[in-house]
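Q: Please see the structure below; I have some questions.
The values are calculated or read from the model by the stated rules, or taken from the named source; none is laboratory data. Just so we're clear, the structure is a prediction, and the values are computed from it rather than from any experiment. Here the Cβ is made from the backbone with ideal geometry for all residues, glycine too, and neighbour counts use every protein chain on show.
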Amino acid sequence: MKPLRLLPTYSLHQLFKTICLIWVLVFYSYYSFGQYQINGSASQTSCNCYQLTPAQGGQGGSVWNVNLFDLSNSFDFTFDVFLGCDDGGADGLAFVLQSLSVNAGTAGGGIGYQGISPSVAVELDNYQNNNEPGFDHMAIQRNGDVTHGGANTLAGPVQISAATANVEDCAWHTLNVVWDATTNTLTVFFDGALRLSYTGNIINNIFGGNPNVYWGFTAATGGANNQHQFCNALNPAFIITSPTQCLGLPVDFESASAVATGQITDFQWDFGDGTTSTGGQVSHTYATAGTFDVELTISSEGCTESSTTQVTINPLPSVSLGIDQAVCDGESYQITPTGLVSGETFQWNPTTGLDNPSISNPIATPTITTTYTLGVLDVNGCPNTDDIEITVNPLPVADAGANQTICNQDVTTMAASGGVQYSWNPATDLADGTSATTQASPTTTTDYTVTVTDANGCVDTDDMTITVNPFALVSAGADDSMCNGQQTVQLSASGAVDYIWNPPTGLSDPLIANPVFNGTTTTTFTVTGTDANGCEDTDDVEVIVFPLPVADFTQPADVCLGNQTQIVDNSSGNGLLYAWDFGDGSAINTDPSPTHLYTTDGNFTINLVVVDVNGCTATASSTTNVYPLPNPAMNISDGQEFCEQEVIQFLNETTGSVARVFWNFGDNAFIPGLPNATSTIDNPTFAYNNFVFGPYTVTLGITDAAGCYEQTQTSIVIRDKPRAEFSSNIVCQGVATDFTDESAVNASVIDTWQWDLGDGTGTASTANPSYSYTQAGVYQAELVVETDHGCKDTIIKDVIVNATPVISISGIDTCLNNVTVFSNNSSPQDNTITSWDWDFGDATTATGVTASTTYLDYGIYTVMLTATSDSGCVASGTTQIEVFPNPEPAFSLVDAEGCTPHEVLFVNESSIATGQNSEYLWDLGDGTTDSSPSPLYTYPDSGFYDITLSVTSVEGCNTVITEESAVRANITPVADFSQSANELLFLDAVIELTDESEHVINWDWDLGDGTTSTDASPIHRYDEPGTYYIALTVTNGDCEDTKRGVVKVKSNHTFYIPSAFTPDADDINETFFGTGEGVVEYNMQIHNRWGELLFESNDLDFHWDGTFKGKQVEAGVYAYKFYVLDIENRDHQYSGVVHLIR
């Protein structure tokens, strides 16, 4: 006995991944996610990769996802496939959808899926059998049929790769299979290129209405071989927003991973600094600078994969502004940073108070306490900052006290405040120049300044003045005068501080130095003044009050613009002077009674000012109206130039007041003794009857409501009116009529002609046009002529056109050898037509109203008919007819003789001289007809058959041929057999085959293991386990038939595993174990959901009782794995979950 083989040796990392995988399998099994069943020669090479066959002959393997997929839903699966390294290898692999089981497809041959039915397979075939393409090809097949070109080939075969004929190139390729459940379309891409597409209701048509299928891969090798592998795509990848970042700033990571099927269930991030995270999008901030390896591990269907990328975290730049500082208001401090290096950029904030914020060491002169921040950006783009606070101490508020006034030789006290130290300047006449309070005795007015220093050493100053006053000297000012009621007098005393005026009558305030006098009589005032020392003085002043003059004048009468306005003065007073303002901006007039001419209209105010000998004034005012003259405006419709006898519209466009309108047309201005035409309506009309004289002057006069009058004039020119005339000739219909202009005009030129030729369509704009009338008759032609000055005249005259025959003929297209009849629809067809002449276009002619002919060759012919009328008018017309060739039927047969059911291809070889044949009707001799050009027909019964072919061209020409006894169908044998069993055990693998065929002469058996037989009912023993495909071919001469069957020879190995057990001490189902037949070696392992090993046994009789280290485990789901060696020295692995129920 060979030693017991246990688990393979793993590294700690591999063991950890295996334990994690077991846990994932337990979890996904419980929740019905992905698991895979491995059959035959298939094996798992990594978590998401499988080898279907090694590079050995006679291998067959399959891997199935154990979860049923509902084809009512769409899917998009992507796999990596490996098709081997030997260009001469075999056989290939297939992606298969099937509804049978997850144990199908392990036999060698048939790419591993042959005979699986119902199924749909995307077959990648690397071996060229008979009638298959010479390149590596792919096809979509159904129901386990690997033969291309039959009813079970849904799409293809095509070359697998769009780029190369060989994919056994020792390289991995991408296979993408897409099912669109909405459109029922299955699409296959290889290395990103579309290769196959099939649309059909596979749920109903293949799977009998059952949408639930297993998906997986199969592969097989025969005499030639190759390694066949596939992987579920599991590609971790991620995007880093900032692969290079500065310390303290976050780095964002986003997964860009992709998987073939299912979904990514877990994202594990290792940031390389001892921290981790989960999720598809994460952000991380590093605590230290350096280079870190970031790893993303993704999980899908129990498999994990990792990807690593580096992140660089740059350190922050160094900067220091030193300790905080203090200054007095108005002082400065130079900031000197340390730590800066070449290449760094910096920025100050705020810049207020800095003499030059663009340098690193500016001088700061803040007005308030300010924190300055220096931001530094190094060559890596990393920022850092440092602050310095500069405290601004306020200056002390020095107060020297209020200003003082003293008399000469007096002593006063000065008291300062606001600091701790004081200094007075000047110190002359002071008792103490350094004390806050001191005595002063200046002899003249003096300004003193005190300098105050506070506890912070900050300094401020203040000033005060001591005024030393002399003795008082009061003055009441000079005498004055004023006009009564018009003026006031400002009195002005000086030399004192306080004043009293007497008498107070008429004064605004008798207690001030400068009161205002507004009295009505002459008065003498006395003022008493007191200075700051209490000294008084007095003085007198006289104010004389004069009476006022009287201003008056008579209101002037209103005038029209352009007339004088007369003024009459009524003023009184002594020695008056006059100033007249007429209100229109003109110069002042000084005459006593002036006249004035206004240059604009309007309402004006006249103001008079008179001044007497004392300078006293008086005023008077009145208004007057100056009416505007009318503003006549005229307009003449259509300009200033008109035609003789043309009615002219004159328009009065005067605005404003209009009381009367007067027009003078000036029409007889050049004829002595004749008055001009006039009008008094607003908008008159007038026509001038003589163009010789001119231009004519038109006058419009307007009188308004105020009686004011004005007029305006314009001139117009009158042009001669032309006289229209023309002549024309008489013609036959279809011949052009010539028109000749015979119009005339004086002193102008005719430059425009407008012809209406009388048939509703014909027009012309030349002097002498030609025109072809389409119908005979008498037409009234109209000519309108116009001169170069726009004057027109019109004339209408008859134009005669004799009738010409109108030819209209037609013929019917015919087939060759048929009579062609022509129809004559010409007009007229009475006795006015004297002759009809036909030309058939093939050198033959005829006469008469109607005609017919038989053409001797196919082709297109132009037929002409010529008619002559009794007035001599001749017309011809043509038509075209086509004579079509007849079809020339012909055919050949592919396999004219064969076995029933006998398939015959009828090859159409018919032709036609021109054009094409469009319809075919075959009589196949057994009552069957077919309208396709080259039909394929299967005769079910034996016999001889006559074939008839009728061919019709697109023009309807028809020819028929018949070939007698063209087809012979011979009888075909029917192959059939029964077998003693469909499954055999290897120890007794004998099968009996019983022939049940009909019409047989010879038997040829292929027993599937390389053995053949010609017995009718052979008996055979198989030497190896496996699946064998049996074929019986029977013949009776040239005809044969084949029947196929299959038998599976099983090894004497079985193994059974329960799905649950109940260790509850009732002696029923107390332990968990596996059992079977043909087991030589055995290993069982039990894991919990965290991958922890709970139990292991190498003995079929040593069972798990639901405990771990002597203690009962909780009820739940646990993962198992069995490793079994059977009597044929073959390994078996079984994994799954068991439910522990308490």
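Q: Could you identify the single residue in GLY583, GLY615 that is in a loop (DSSP other than H, G, I, E, B), outside the structural domain of ALA687 (by TED's automatic domain parsing) and in contact (Cβ under 8 Å) with a residue 40 or more places away in the chain?
A: GLY615
Q: Filter the stretch 432-441 for residues that are surrounded by 13 or more Cβ atoms within 10 Å (Cβ to Cβ), within 15 Å of VAL411 (Cα to Cα) and modelled with pLDDT of 90 or more and give the result.
A: Selection gives THR437, THR438, GLN439, ALA440.
Q: Would you mention how many residues in the stretch 198-207 are surrounded by 17 or more Cβ atoms within 10 Å (Cβ to Cβ), not β-branched (Val, Ile, Thr) and not in a loop (DSSP other than H, G, I, E, B)? Before you say what the answer is, go through the steps one by one.
A: Applying the first criterion (surrounded by 17 or more Cβ atoms within 10 Å (Cβ to Cβ)) to the stretch 198-207 yields 198, 202-203, 206-207.
With the extra rule that they be not β-branched (Val, Ile, Thr), the set shrinks to 198, 207.
Among the residues that remain, those that are also not in a loop (DSSP other than H, G, I, E, B) are: 198.
Residues that pass the stated criteria total 1.
Q: Now for a different question. Does ILE323 meet the test of being touching a Ser or Thr at 6+ places or on another chain (Cβ under 6 Å), more than 23 Å from SER242 (Cβ to Cβ) and exposed (fewer than 15 other Cβ atoms within 10 Å of the Cβ)? Step through it out loud before you land on a result.
A: On the way: touching a Ser or Thr at 6+ places or on another chain (Cβ under 6 Å): no; more than 23 Å from SER242 (Cβ to Cβ): yes; exposed (fewer than 15 other Cβ atoms within 10 Å of the Cβ): yes.
Answer is no for this residue.
Q: For the stretch 252-304, which residues satisfy the criterion of being closer than 23 Å to ASP80 by Cβ, charged (D, E, K, R) and more than 38 Å from the chain's Cα centre (by Cα)?
A: GLU301
Q: Within the stretch 47-137, which strands (runs of 3 or more DSSP E) (wholly inside it) include 2 or more residues that are under 27 Å from SER197 (Cβ atoms), β-branched (Val, Ile, Thr) and out of contact with any helix residue (DSSP H, G or I) (no Cβ under 6 Å at 6 or more places or on another chain)? Walk me through it before giving the result.
A: Working: elements: 49-53, 60-65, 75-82, 92-98, 119-125.
Output list reads 75-82.
Q: Filter the stretch 162-186 down to the residues that are surrounded by fewer than 18 Cβ atoms within 10 Å (Cβ to Cβ) and not in a strand (DSSP E or B) and list them by number.
A: If the condition is that a residue be surrounded by fewer than 18 Cβ atoms within 10 Å (Cβ to Cβ) and not in a strand (DSSP E or B), then ALA162, ALA163, THR164, ALA165, ASN166, ASP169, CYS170, ALA171, ALA181, THR182, THR183, ASN184 are the ones that fit.
Q: Exactly one condition in (1) surrounded by fewer than 22 Cβ atoms within 10 Å (Cβ to Cβ); (2) within 16 Å of HIS137 (Cα to Cα) is not met by ARG195; state its number.
A: All conditions pass for ARG195, except number (1).
Q: Restricting to the stretch 1008-1058, give me the number of residues that are of a type in the set (Gly, Ala, Ser), outside any loop (DSSP other than H, G, I, E, B) and either under 15 Å from ASP995 (Cα atoms) or within 60 Å of the chain's Cα centre (by Cα) (or both).
A: We begin by selecting, within the stretch 1008-1058, every residue of a type in the set (Gly, Ala, Ser); these are 1008, 1010, 1013, 1016-1017, 1026, 1031, 1037, 1045, 1051.
Then keep just the ones that are outside any loop (DSSP other than H, G, I, E, B); that gives 1013, 1026, 1031, 1045.
Retained after the next criterion (residues that are either under 15 Å from ASP995 (Cα atoms) or within 60 Å of the chain's Cα centre (by Cα) (or both)): 1013, 1031, 1045.
The qualifying residues number 3.
Yes/no matrix, rows are residues, columns are (1) touching a Ser or Thr at 6+ places or on another chain (Cβ under 8 Å); (2) part of a loop (DSSP other than H, G, I, E, B); (3) touching a residue at least 40 places away in the same chain (Cβ under 8 Å):
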site: PRO366; (1), (2), (3): yes, yes, no
site: GLY375; (1), (2), (3): yes, no, no
site: ASP386; (1), (2), (3): yes, no, yes
site: PRO396; (1), (2), (3): yes, yes, yes
site: ALA402; (1), (2), (3): no, yes, yes
site: GLN409; (1), (2), (3): yes, yes, no
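Q: Here is a list: THR697, THR655, THR595, THR678. Which entry is under 30 Å from GLY575 (Cβ atoms), β-branched (Val, Ile, Thr) and surrounded by fewer than 19 Cβ atoms within 10 Å (Cβ to Cβ)?
A: Of THR697, THR655, THR595, THR678, the one residue that is under 30 Å from GLY575 (Cβ atoms), β-branched (Val, Ile, Thr) and surrounded by fewer than 19 Cβ atoms within 10 Å (Cβ to Cβ) is THR595.
Residue-wise test of (1) in a loop (DSSP other than H, G, I, E, B); (2) touching a residue at least 60 places away in the same chain (Cβ under 8 Å).
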| position | (1), (2) |
| --- | --- |
| SER435 | yes, no |
| GLN439 | no, no |
| TYR448 | no, no |
| THR461 | no, yes |
| VAL468 | no, yes |
| LEU473 | yes, yes |
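Q: For THR938, indicate whether it is free of Cβ contacts under 8 Å to residues at least 12 places away in the same chain, loosely packed, with under 15 Cβ neighbours inside 10 Å and under 60 Å from the mean Cα position of the chain (by Cα).
A: On the way: free of Cβ contacts under 8 Å to residues at least 12 places away in the same chain: no; loosely packed, with under 15 Cβ neighbours inside 10 Å: yes; under 60 Å from the mean Cα position of the chain (by Cα): yes.
No: the conditions fail for THR938.
Q: Only one residue in THR948, THR959, THR972 is part of a loop (DSSP other than H, G, I, E, B), over 60 Å from the mean Cα position of the chain (by Cα) and either crowded, with 18+ Cβ neighbours inside 10 Å or in contact (Cβ under 8 Å) with a residue 24 or more places away in the chain (or both). Which one? Give the derivation first.
A: Values: THR948 fails: part of a loop (DSSP other than H, G, I, E, B); THR959 fails: part of a loop (DSSP other than H, G, I, E, B).
Going through THR948, THR959, THR972 in turn, just one is part of a loop (DSSP other than H, G, I, E, B), over 60 Å from the mean Cα position of the chain (by Cα) and either crowded, with 18+ Cβ neighbours inside 10 Å or in contact (Cβ under 8 Å) with a residue 24 or more places away in the chain (or both): THR972.
Q: If you take just the strands (runs of 3 or more DSSP E) that sit entirely in the stretch 771-851, which of them hold at least 2 residues that are acidic (Asp, Glu) and in contact (Cβ under 8 Å) with a residue 12 or more places away in the chain? Before the answer, list the steps.
A: Values: elements: 777-787, 792-802, 809-811, 819-824, 833-839, 845-847.
In the stretch 771-851, 777-787, 792-802, 833-839 are the strands (runs of 3 or more DSSP E) which contain 2 or more residues that are acidic (Asp, Glu) and in contact (Cβ under 8 Å) with a residue 12 or more places away in the chain.
Q: Restricting to the stretch 873-889, and then to whatever is in contact with a strand residue (DSSP E or B) (Cβ under 7 Å, 6 or more places away or on another chain) and in a loop (DSSP other than H, G, I, E, B), can you tell me which residue is nearest to ASN824 (Cα to Cα)?
A: Just the residues of the stretch 873-889 that are in contact with a strand residue (DSSP E or B) (Cβ under 7 Å, 6 or more places away or on another chain), to begin with: 873-884, 886-889.
From what is left, the residues that are in a loop (DSSP other than H, G, I, E, B) are 873, 886-887, 889.
Values: CYS873: 18, ASN886: 28, PRO887: 31, PRO889: 37 Å.
The selected residue is CYS873.
Q: Please pick out the residue among ASN456, ASN380 that is part of a loop (DSSP other than H, G, I, E, B), among the polar types (S, T, N, Q), surrounded by 13 or more Cβ atoms within 10 Å (Cβ to Cβ) and within 60 Å of the chain's Cα centre (by Cα). First the steps, then the outcome.
A: On the way: ASN456 fails: within 60 Å of the chain's Cα centre (by Cα).
The match here is ASN380.
Q: Taking the stretch 1078-1114, which residues are among the aliphatic types (A, V, I, L, M) and surrounded by 14 or more Cβ atoms within 10 Å (Cβ to Cβ)? Walk me through it before giving the result.
A: At the first step, the residues of the stretch 1078-1114 found to be among the aliphatic types (A, V, I, L, M) are 1079-1080, 1084, 1086, 1093-1094, 1100, 1113.
Within the stretch 1078-1114, VAL1079, VAL1080, MET1084, ILE1086, LEU1094, LEU1100, VAL1113 qualify.
Q: How about the stretch 483-498: which of its residues are within 23 Å of VAL610 (Cβ to Cβ) and touching a strand residue (DSSP E or B) at 6+ places or on another chain (Cβ under 6 Å)? Step through it out loud before you land on a result.
A: The initial filter retains those residues of the stretch 483-498 that are within 23 Å of VAL610 (Cβ to Cβ), namely 483-489.
If the condition is that a residue be within 23 Å of VAL610 (Cβ to Cβ) and touching a strand residue (DSSP E or B) at 6+ places or on another chain (Cβ under 6 Å), then CYS483, ASN484, THR488, VAL489 are the ones that fit.
Q: Taking the stretch 864-886 on its own, how many of its residues are within 27 Å of ASN802 (Cβ to Cβ) and either surrounded by 12 or more Cβ atoms within 10 Å (Cβ to Cβ) or modelled with pLDDT of 90 or more (or both)? Step through it out loud before you land on a result.
A: So in the stretch 864-886, the residues within 27 Å of ASN802 (Cβ to Cβ) come out as 864-879.
Among the residues that remain, those that are also either surrounded by 12 or more Cβ atoms within 10 Å (Cβ to Cβ) or modelled with pLDDT of 90 or more (or both) are: 864-869, 871, 873-879.
Here the count works out to 14.
Q: List pairs: first residue in the stretch 722-751 and on the phi > 0 side of the Ramachandran plot and assigned to a loop (DSSP other than H, G, I, E, B), second residue crowded, with 18+ Cβ neighbours inside 10 Å and hydroxyl-bearing (Ser, Thr, Tyr) anywhere in the structure, Cβ distance under 9 angstrom, at least six positions apart or on different chains.
A: As it stands, the answer is GLY734/TYR773; GLY734/THR804, since those pairs meet every condition given.
Q: Tally the residues that are touching a residue at least 24 places away in the same chain (Cβ under 8 Å) and touching a Ser or Thr at 6+ places or on another chain (Cβ under 6 Å), restricting the search to the stretch 287-299.
A: The number of residues fulfilling the criteria is 6.
Q: Within the stretch 735-761, take every residue that is more than 30 Å from ARG719 (Cβ to Cβ) and surrounded by fewer than 19 Cβ atoms within 10 Å (Cβ to Cβ) and give me the one that is modelled with the lowest pLDDT.
A: Quick first cut of the stretch 735-761, residues more than 30 Å from ARG719 (Cβ to Cβ) only: 735-738, 759-761.
Still in the running and surrounded by fewer than 19 Cβ atoms within 10 Å (Cβ to Cβ): 735-736, 738, 759-761.
Numbers: VAL735: 87, ALA736: 91, ASP738: 94, ASP759: 93, GLY760: 92, THR761: 92.
Ranking the candidates gives VAL735 first.
Q: While we're here: Scan the stretch 697-737 for residues that are closer than 30 Å to GLY562 by Cα and not polar (S, T, N, Q) and jot them down. If you could, list the steps in order and put the result at the bottom.
A: Narrowing the stretch 697-737 to residues closer than 30 Å to GLY562 by Cα: 697-715.
Answer for the stretch 697-737, where residues must be closer than 30 Å to GLY562 by Cα and not polar (S, T, N, Q): VAL698, LEU700, GLY701, ILE702, ASP704, ALA705, ALA706, GLY707, CYS708, TYR709, GLU710.
Q: Taking the stated definitions as given, is ALA1119 under 60 Å from the mean Cα position of the chain (by Cα) and more than 27 Å from ASN65 (Cβ to Cβ)? Don't jump to the end; show me each part of the working.
A: Working: under 60 Å from the mean Cα position of the chain (by Cα): yes; more than 27 Å from ASN65 (Cβ to Cβ): no.
The answer is no for ALA1119.
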